[in-house]
1. Select from 96, 72, 123 the residue farthest towards the positive end of the dipole of the range 2-160; place +1 on Cβ of Lys and Arg, -1 on Cβ of Asp and Glu, and compute about the Cα centre.
2. Cα extents of the range 163-202 along the three principal axes, largest first, in whole Å?
3. Looking at the range 110-166, which GluC sites (Glu not before Pro) are DSSP coil and have at most 15 other C-beta atoms within 10 Å of their C-beta?
4. Apply the Debye scattering formula to the chain, with a single equal point scatterer on each alpha-carbon and no solvent, then give log10 I(q)/I(0) at q = 0.14, 0.15 Å⁻¹.
5. Averaging sequence separations of C-alpha pairs under 8 Å and six or more residues apart, then dividing by the length of the range 163-202, give the relative contact order as a whole percent.
6. More than 20 Å apart: what percent of Cα pairs in the range 85-172 qualify?
7. Once all Cα-Cα distances of the range 1-120 are split into 5 Å bins that start at 0, what whole-number percent is in each one?
8. To the nearest 0.05, what FRET efficiency results for residue 174 and residue 105 with a Förster distance of 25 Å applied to their C-beta separation?
Amino acid sequence: MEDRGMLYYERLAYAQGAKYVAGIDEVGRGCLAGPVVACAVIFPPHTFIEGVKDSKKLSPEKREALFDKIHQHALSIGIGAVEETVIDEINILKATLKAMEKAVHALQPGPDHLLIDALFLENFPFPQFAIKEGDNASFSIAAASIVAKVTRDRRMAAYSEQYPEYHFAKHKGYGTPEHLEAIAKYGPCPIHRKSFRGVKEYCKGKGSGP
């Protein structure tokens, strides 16, 4: 099938002697609110699930269905999240790497080879492939992107109930016109990233919103 090419990097890792190959991706890096969430997924060799691709190319309903299938077929899934307060302290790139490291540490069994969407994790001793547009090139990374996306979206939906003025369930914290209008009207709330443009302009003198 056409998508079987997405197993190329997994096969290359197995050919180099790997036994547990983890695909890793993150979601929420460009948001104005909430955590950055990373996922790491290990599958049995040669596993392939039809329809798995970059989470941004899938409908919410399709992501939910594939989320369940991925959990049914995976050997191990790890989630790592870094909160908005830490993002403000250390910057979003460092927070993204930290979330990915947490996701890898959560895997049982642990990996011996990493496939990562465009990044490299310095604190692990085993081989890694940093793959440009990895969620379009690797099945494992694409699967990780789906699990990370669904996990974070569910969390933002819960925040939407806590802070209904901001409609987090609709935009998931991204800088949509509706979201920016709410920030301008109410000021930032506790889960906003105070160091991000679109938020920090409203931090001085207003404090946090509802």
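The numbers here are math on the coordinates, done by the rules we state, and not lab data. Note that the structure is a prediction, hence the values are computed from the model and not measured. Neighbour counts are summed over all protein chains in view; Cβ atoms, including those assigned to glycine, are modelled from backbone coordinates with ideal geometry.
1. Checked the options; the winner is 72.
2. Projected onto the principal axes, the Cα atoms of the range 163-202 cover 22, 16, 15 Å.
3. 122, 133
4. For the requested q values the scattering log ratios are -0.79, -0.88.
5. In percent, rounded to a whole number, it is 34.
6. I get 47 percent for the Cα pairs in the range 85-172 exceeding 20 Å.
7. Reading the bins upward from 0: 2, 11, 19, 22, 21, 14, 7, 3, 0, 0.
8. Numbers: r = 28 Å, r/R0 = 1.12.
Here the calculated transfer efficiency is 0.35.
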